[in-house]
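What follows is a set of notes on a single structure, which appears directly below.
The values are calculated or read from the model by the stated rules, or taken from the named source; none is laboratory data. Given the structure is predicted, the values throughout are model-derived calculations rather than measurements. Cβ coordinates were reconstructed from backbone atoms using ideal geometry, including for glycine residues, and neighbour counts include every protein chain displayed. Ligands, DNA and RNA are excluded from the accessible area calculation, which covers all protein heavy atoms including side chains. Shrake-Rupley method; radii C 1.70, N 1.55, O 1.52, S 1.80 Å.
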Amino acid sequence: MSADDTLPAGERRRPRLDKAARQDRILAEMRASATLRVGDLAAELDVSTETIRRDLFDLQEKGLLSRTYGGAVRPFASEPSVTERHRLMVAEREAIAAATVAFIKPQEVIAIGAGATTTHVARRMAAECHDLTVITHSFSVATVVSANPTIDVIMCPGSYNAREGMMVGVETVDFLQNYNVNRTILGISGITTDGLADAEAPAAWVYKAMMNRAAETIVVSDHKKFGVQSLAIWARIPDIQRLVVDAAPGGTLARALERARVEVTVASR
């Protein structure tokens, strides 16, 4: 009789995965979450932290992730498509959207960037707001918000990015220079003390243009973007005025936001 046979059924150890299966599991976790921690993976897979570090090294060598101090993140410029992201963290994004539209007033001009979270915001705007002008480069945002007949939609021109359903490029950025905006609402691929960044560099330059035309920039993000580095930084923390999230940031990021006097709104579900 093995030692496990003496344990209650609910406490018996799961069989350990071999190296290939363990690394497949790590990649599956990476697809579901923007960032991974060595300690969490070791506990989940019932192996040592040294084993996990070797796995992360192997996967980084294959270009499948980027190691960080204490864990790993997706490779730079690697993020699920907007269609995939729409299926993730729906409850959190709906709560963020509800908290965000509370800041919008009738007669305002609102610029909205592309993304899953911003589309949730647009859907809530269509349901609750009225008498707005919305400027966007996102086809999903335009489609959702235009369901409200009191909201006028201005669609940016440019080159079409089919993966993200958005217009980008020099034409898009130049077009935005013609408008004054009360509030810009933007999502992110990651936020660190270095700034706010996006996995798509052409999108980042559009977001920067939107931010520069706005009296207030509101960034909407779930907590899994905290501490995540991404390819193109489009703003520094002092450049934004408000961050709407599903959980409060901590550590150095929280201190950087406080120093910059960024208003952090934690949405309740």
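Structural remarks
- The lone exception for residue 94 - which of (1) at pLDDT 95 or above; (2) touching a His at 6+ places or on another chain (Cβ under 9 Å) it fails: (1)
- One residue from 259, 255, 236, 269 being within 21 Å of residue 116 (Cβ to Cβ), open to solvent by 30 Å² or more (accessible area, probe 1.4 Å) and not aliphatic (A, V, I, L, M): 269
- The residue list 133, 143 contains one member that is under 20 Å from residue 97 (Cα atoms), out of contact with any strand residue (DSSP E or B) (no Cβ under 8 Å at 6 or more places or on another chain) and not acidic (Asp, Glu), which is 143.
- Of everything listed in (1) open to solvent by 70 Å² or more (accessible area, probe 1.4 Å); (2) touching a residue at least 40 places away in the same chain (Cβ under 8 Å); (3) over 22 Å from residue 168 (Cβ atoms), the single unmet condition for residue 231 is (3).
So that you can scan it fast, the table gives a plain yes or no per residue for (1) on the phi < 0 side of the Ramachandran plot; (2) out of contact with any Asp or Glu (no Cβ under 6 Å at 6 or more places or on another chain); (3) hydroxyl-bearing (Ser, Thr, Tyr):
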{"position": "147", "(1), (2), (3)": "yes, yes, no"}
{"position": "159", "(1), (2), (3)": "yes, yes, yes"}
{"position": "173", "(1), (2), (3)": "yes, yes, no"}
{"position": "178", "(1), (2), (3)": "yes, yes, no"}
{"position": "194", "(1), (2), (3)": "yes, yes, no"}
{"position": "199", "(1), (2), (3)": "yes, no, no"}
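For (1) under 30 Å from residue 131 (Cβ atoms); (2) in contact (Cβ under 8 Å) with a residue 12 or more places away in the chain; (3) touching a helix residue (DSSP H, G or I) at 6+ places or on another chain (Cβ under 7 Å), each residue gets a yes or a no:
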site	(1), (2), (3)
148	yes, yes, yes
153	yes, yes, yes
195	no, yes, yes
201	no, yes, no
214	yes, yes, no
224	no, yes, no
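- Any hit, region 229-236, residues being part of a loop (DSSP other than H, G, I, E, B) and either over 16 Å from residue 197 (Cα atoms) or out of contact with any strand residue (DSSP E or B) (no Cβ under 7 Å at 6 or more places or on another chain) (or both): no
- Single unsatisfied condition, residue 183 versus (1) open to solvent by 10 Å² or more (accessible area, probe 1.4 Å); (2) over 20 Å from residue 98 (Cα atoms): (2)
- The set of residues in region 102-112 that are open to solvent by 10 Å² or more (accessible area, probe 1.4 Å) and not in a loop (DSSP other than H, G, I, E, B) contains only 109.
- Selection of region 208-225 for residues being at pLDDT below 95 and either surrounded by fewer than 21 Cβ atoms within 10 Å (Cβ to Cβ) or part of a helix (DSSP H, G or I) (or both) yields 223, 224, 225.
- In region 180-207, the residues that are part of a strand (DSSP E or B), in contact with a Ser or Thr (Cβ under 8 Å, 6 or more places away or on another chain) and more than 18 Å from residue 74 (Cα to Cα): 183, 184, 185, 186
- Counted as qualifying within region 1-76 are no strands (runs of 3 or more DSSP E), as none has 2 or more residues that are open to solvent by 30 Å² or more (accessible area, probe 1.4 Å), aromatic (Phe, Trp, Tyr) and modelled with pLDDT of 90 or more.
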